[in-house]
Amino acid sequence: MSIASIQTELKAIFKDRYSTSTSTRSTYSRGEDTYDPVLSKAVIFPETNEEVSTILKLCNERKVPVVPFGTGTSLEGNVVGNEEGITISLEKMNKIIKVNVEDFDCRVQANVTREQLNEHLREDGIFFPIDPGANAAIGGMAATSASGTMAVKYGTMKTVISGLTVVLPNGDIINTGGRTKKTSAGYNLTNLFIGSEGTLGIITEIQLRLSPVPESIMSAVCHFPTLEEAVRTAQETIQYGIPIARIEMLNKDQMDISINYSKLKGVNIEPTLFFEFHGSELTNKECIKVVEEISNNNKGSKFKWAADLEERNKLWQARWDVYYSVKSLVNNGRVYSTDVCVPISKITECVNFAEKEVKKIGLRAPMVGHLGDGNFHVLFPYNPNDKEIYKKIREFSNKLIDKTLELKGTITGEHGVGLHKKNYLLKEHPDNIPLMKSIKRSIDPNNIMNPGKIFDLN
């Protein structure tokens, strides 16, 4: 059915929180991906679980497609609009519901952002450690199973989520999991919805495990003659079992871009590792000694330390700004980002392969990586009107995917599948897709939830 059949009802309930204006629909038409905007028929702004339930119940009865939308930082077409449906923006569902300092946990609404939560926790000596780079909504991070720069020490969203509130397509509101560190009570429905990208329901609340703020935080930069030596250093650091918080890699090209864009000083245009150590002063010093030795053996430079908080923040801000620094290279351009992840023992081989293939196609392709967990991104700035360039980029991406799967890796470490990686998912999990479709049909028989994302239901 058409959305026209419920438009009057939704408008009557939500009044000025129901918008059909072109500007609003355009704002919520896509993420930071390579897709052209697709405007839904309307955008609606609920504030409670019950309001989300009302929307989904009406949409399900009339078979109107629904696209959930958070902060719009997704990179794989996860939140591209639906021209026959509505977009549900969760931006008004941004309350921190409860913090339990003594138990190191909290409950938040879906559109609470990473920065907002950590600012709220600042005086409590605890923090939310998952850092995807962007100031993403925690609901969106759950929906895409995000991770980021500190996964090597603190894990991923699957690690820190102990429970969810989810509104199902028929309007039912369910609570999965709980506050305990462990449970064996039936199916793990929490993990079913993590990474589901809004295709099974809308995540409205998240129960999170938090971490104590470390006694000591120390950040350092180390340069290398070649990218291979930098990557090998990261690989060996993890294989030695060093409890490091983050190891981020920027290749030579990305360092050049970041130095100019983020006004970095005191660093070189060379393949570079950014290290951060979390722990006591004693344990940090012990870890640093070992990592420096590994680095020296791979021709690394002396560590350049970011001694105080302001200096550390500037250093990591440059890392967080990587996407925007690359995007700035092309007027009105876009950025194509790969997102492969391989076993730690294969990270050097995979990065070397990517570097060689980039040289073959002759395109500018900065590279960054969360090397502590085997995840890295090749970033291609391009003009969307240049079809030949885009063709070259896709050919590279296809080769990288094939190599990644050969090395027993995955097509997406943290960005999700969305529209972009549907064909790649078929390559990685051909035997699993029928079961995924069966689950989708069971929970969402009318296929209203973010249809066409992850896989086509046919």
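A few comments on the model shown:
- Beta bridges from DSSP with both residues in the chain: antiparallel share about 85 percent, rounded to the nearest 5.
- Computed from the alpha carbon atoms alone, the convex hull of the range 27-166 holds 110 Å³ per residue.
- One decimal place: the segment residue 91-residue 289 gains 66.8 nm when fully extended, by the rule 0.36 nm per residue minus the C-alpha distance.
- Projecting the Cα atoms of 38, 86, 68 onto the charge dipole of the range 4-91 (Cβ charges, centred on the Cα centre) puts 86 farthest toward the positive pole.
- Surface/4 estimate of mean projected area, convex hull on alpha-carbon atoms of the range 96-212, nm²: 6.9
- Rel. contact order, % - alpha carbon contacts under 8 angstrom, at least six apart, the range 232-357: 29
- Length-normalised contact order for the range 96-212 - Cα pairs under 8 Å, 6+ apart - percent: 33
- Our note on the geometry: Cα centres of the range 92-145 and the range 44-88, 22 Å apart.
- Within the range 325-418, the proportion of C-alpha pairs whose separation exceeds 20 Å stands at 33%.
- Across every direction, the projection of the convex hull enclosing the Cα atoms of the range 268-338 has a mean area of 6.7 nm².
- Kirkwood hydrodynamic radius over Cα pairs of the range 128-191, then Stokes diffusion coefficient at 25 °C and 0.890 mPa s, in µm²/s: 190
- Think of the range 96-212 as a dipole: +1 on every Lys or Arg Cβ, -1 on every Asp or Glu Cβ, centred on the Cα centre; then among 201, 118, 96, 201 lies furthest on the positive end.
- Alpha-carbon gyration tensor eigenvalues x 5, square-rooted, for the range 4-91, Å: 21, 13, 12
- Hydrodynamic radius of the range 87-128 per Kirkwood, over alpha carbon pairs, in Å: 10.8
- Our note on the geometry: Cα centres of the range 344-396 and the range 215-239, 20 Å apart.
- As computed over the range 298-379, the Cα convex hull volume per residue (Å³): 130
Rule-based calculations on the coordinates, nothing more; no lab input. Predicted model, so just to flag it, every value in this text is computed and none were measured. Positions of Cβ are backbone-derived with ideal geometry, glycine not excepted, and every protein chain shown enters the neighbour counts.
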